[in-house]
């Protein structure tokens, strides 16, 4: 391909996955400094990519936009190649219908014939298999069994780096990165009343879209937040999306007026800036967890039904982030709701979380 190539990157659909894909984008820019990179992304994630150094352009997909309409727009742009990050059939069909001559993506979901270069799954890849109830009960009856722990090479950021390597990029991992500039930080301070004083700003994110199995109990968030404030005199910023407003409201009632409730009130760019202003963020395993780490903020995360080795924040093994587990043998189960007694989360003590956050504030 020539130095004037125009490459489409079909982006992923969820915030956490999008953040984990940023090392691949940066490696592509590094390998092809003269290429033009355009990211095709759901409109809900468009703000994430503002002034991202790996990209030249962003195209948005509306929630109700069909595959033929998307392909029609892509065809007009005359891309020389497409790198399809998601594994879905639809995303491969989009670039096939758009007649992009070089189409690269993982060979999955019967879509290999739509791609000019179907890529076999990595040998190190680990599927996130939902454990059946019988297996969970069996494991809980075996106290000698330890939780499943995967190698760092299984982390999902390698999934995207491996694809980028097919276009000549390095597969060496980088920390996920989202840029936030000084003007955005100043605007967030002024809009949300977050002055730059001697009191530390700490973030707390008690929700998780995937389901209740990923949520550390709300009463424990409250107990931990009260104890942490007693030690640090911090100002808590309550975070989350529209579905987390009720959780944040309960937190607000317990913590009193000396905190800022931003649940459901921030755009994606504003959320990025607020997270960067925080010294530490206490959060469940969810999109804002990945975003906080990507803007450079330490996170403390109780992990239960999911795997920190597969989808943990930041670069795998980064000691700045505290990822807590109860040691339950059935974890990770990758279920939305716990079918038994939720011990993977209730086994994570308030004292352990408080200690982890206090370490991060130093």
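Throughout, read-outs are computed from the coordinates displayed, never taken from laboratory work. Here the structure is a predicted model, which means the values were calculated and not measured. Here the Cβ positions follow ideal geometry from the backbone for every residue, glycine too, while neighbour counts run over all protein chains shown.
Measure nothing but the geometry: give the 0 to 90° angle between the long axis through the Cα atoms of 67-77 and the longest principal axis through the Cα atoms of the chain, rounded to 10°.
It is inclined by approximately 60 degrees.
Give me the percent relative contact order of the chain, please, defined on Cα pairs under 8 angstrom at least 6 residues apart.
Computed value for the chain: 18 percent relative contact order.
Using only the Cα atoms of the stretch 143-287, build the gyration tensor, take square roots of its eigenvalues as a ≥ b ≥ c, and label the shape rounded, prolate or oblate: rounded if a/c is under 1.5, else prolate if a/b is larger than b/c, else oblate.
Cα axes put the stretch 143-287 in the oblate bin.
How much mean residue ellipticity at 222 nm does the chain get from its helices, if each DSSP H run of length 4 or more adds -39500 (n - 2.57) and you divide by all residues, to the nearest 500 deg cm²/dmol?
-10000 deg cm²/dmol
When you count, for each residue, the other Cβ atoms within 10 Å and take the mean per peptide, how do 121-132, 341-352, 184-195 rank with the highest first?
Going by the mean number of other Cβ atoms within 10 Å, highest first, we get 341-352, 184-195, 121-132.
Using only alpha carbon pairs under 8 Å that are at least six residues apart, calculate the relative contact order of the stretch 182-361 and give it in whole percent.
About 25 percent, as a whole number.
If we count other beta carbons within 10 Å of each Cβ, what is the order of 307, 170, fewest first?
Fewest-to-most Cβ neighbours within 10 Å comes out as 170, 307.
How far is the Cα center of the stretch 266-315 from the Cα center of the stretch 334-362, in Å?
That distance is 15 Å.
If you take the beta carbon distance between residue 230 and residue 346 as r and set R0 to 22 Å, what does 1/(1 + (r/R0)^6) give as a FRET efficiency, to the nearest 0.05?
With a Förster radius of 22 Å, E is 0.45.
What does the C-alpha gyration tensor say about the overall shape of the stretch 6-121? Classify as rounded when a/c is under 1.5, otherwise prolate if a/b is larger than b/c, or oblate.
Note, shape of the stretch 6-121 comes out rounded.
Fewest Cβ neighbours within 10 Å first, please rank 17, 318, 244 accordingly.
If I rank by nearby Cβ atoms, fewest first, I get 318, 17, 244.
Fewest Cβ neighbours within 10 Å first, please rank 333, 338, 234 accordingly.
338, 234, 333
Let me check against my output: what whole-number percent is the relative contact order of the stretch 6-121, with C-alpha pairs under 8 Å and at least 6 apart?
Reported as a whole number, the value is 24 percent.
Given the Cα-Cα distance of residue 267 and residue 122 and 0.36 nm per residue of separation, how much length would full extension add, in nm?
This chain segment gains 48.7 nm when fully extended.
Could you work out how far apart the two model spin labels at residue 110 and residue 191 are, taking each label as a point 7 Å from the Cα in the direction of the beta carbon, and quote it in nm?
Computed distance between label sites residue 110 and residue 191 equals 4.5 nm.
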